[in-house]
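Everything on this sheet refers to the single structure shown next.
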């Protein structure tokens, strides 16, 4: 056993970087620390997309585009990104509508932070791809 795969470490690093950027972006917007964004789903950028894309790009560098493991990672990444945008985005829109009703009744609101917009996804994909590419070219993932 040689330890943890650098491909996995790069993917986790992209995820952590995405969540950290999310805290910074939302803290600047709010004018005060927003540390809860470090563990929340949704928001800018999409750390899920960064994670999945970094894994995919890392595998592309290590195993090549014609490998079966790349194909599995591509399918996995597309499912994660689709889910973050379409499915969890729909849940987020429904939560916003539900909260309007709950506010009218004076009831506690539900969390609206669960999905991603297309720009959040695109930035997450670019972030994950960049992290994996920089690592691969700088430290070698072949």
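The values are calculated or read from the model by the stated rules, or taken from the named source; none is laboratory data. Just so you know, these numbers come straight off a predicted model, no measurement behind them. Here the Cβ positions follow ideal geometry from the backbone for every residue, glycine too, while neighbour counts run over all protein chains shown.
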(message) Filter the stretch 54-71 down to the residues that are in contact with a helix residue (DSSP H, G or I) (Cβ under 8 Å, 6 or more places away or on another chain) and either in a helix (DSSP H, G or I) or buried (at least 22 other Cβ atoms within 10 Å of the Cβ) (or both) and list them by number.
(response) 54, 55, 56, 57, 58, 59, 60, 61, 62, 63, 69, 70
(request) Restricting attention to the stretch 74-105, report how many residues are modelled with pLDDT of 90 or more, surrounded by 15 or more Cβ atoms within 10 Å (Cβ to Cβ) and more than 20 Å from residue 45 (Cβ to Cβ). (result) 1
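With respect to residue 51, is the statement that it is part of a loop (DSSP other than H, G, I, E, B), within 21 Å of residue 10 (Cα to Cα) and in contact with a helix residue (DSSP H, G or I) (Cβ under 8 Å, 6 or more places away or on another chain) true? It would help to see each step written out before you state the result.
Working: part of a loop (DSSP other than H, G, I, E, B): no; within 21 Å of residue 10 (Cα to Cα): yes; in contact with a helix residue (DSSP H, G or I) (Cβ under 8 Å, 6 or more places away or on another chain): yes.
The answer is no for residue 51.
From the list 32, 100, exactly one residue is over 14 Å from the mean Cα position of the chain (by Cα) and part of a loop (DSSP other than H, G, I, E, B). Which is it?
On the way: 100 fails: part of a loop (DSSP other than H, G, I, E, B).
Answer to the selection: 32.
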(message) Pairs please, first residue from the stretch 40-59 and closer than 9 Å to residue 129 by Cα, second anywhere and assigned to a loop (DSSP other than H, G, I, E, B) and modelled with pLDDT under 90, Cβ atoms under 8 Å, 6+ apart in sequence or on different chains.
(response) 58/141
